[in-house]
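Only the coordinates and a few stated rules stand behind these numbers; no lab work does. Just so it is clear, the model here is predicted, and its values are computed rather than measured.
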Amino acid sequence: MKSLAHYLTIIFIIMFWIFRVVVAVSATYEIDFWVKPTNMTMEIALIFITIPSVILISRSNIIGSVIYFISSEAYFGYDLYNTFTSGSALSYESYIGLIFTLIGVILPIASIIVTFLEKTYQPTGKKTDWFYKNKETDRKMDERVDKNNYRIY
């Protein structure tokens, strides 16, 4: 059972992926866009690594989340570190780039948390106890069935 957070995380990852494709295409064709990639080779590699990762994340596979986490944190984390340690004043374009870099850092963390929670979640309640707590429920069901005296003529 997938939660709403799982679906929203996947939707945000896909939206951010589309945005990064637009950034890469605009940098390739030298179109003036408000966000510039720091390393074009790594940007394209990240775009292609994200595709199988999203497929694995949508299937609640932890390996997909870890791959997405490592690749995104290696690219965006390095850029975020360089932005804060440069010591120079940030311009308007730098602040916009910083916002999208923060999104690139937060999104993999959210995906790995949601995937871990999805793997460990077991719903409880009257409607799901028959599946998750099967032994006691089976005994109760057997006792009820034994009391029904259906006659076959």
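Using the Cα atoms as the points, what is the convex hull volume per residue of the stretch 4-123 in Å³?
102 Å³
Subtracting the Cα-Cα distance from 0.36 nm times the residue separation, let me have the gained length for Thr28 to Ile99 in nm, one decimal.
23.4 nm
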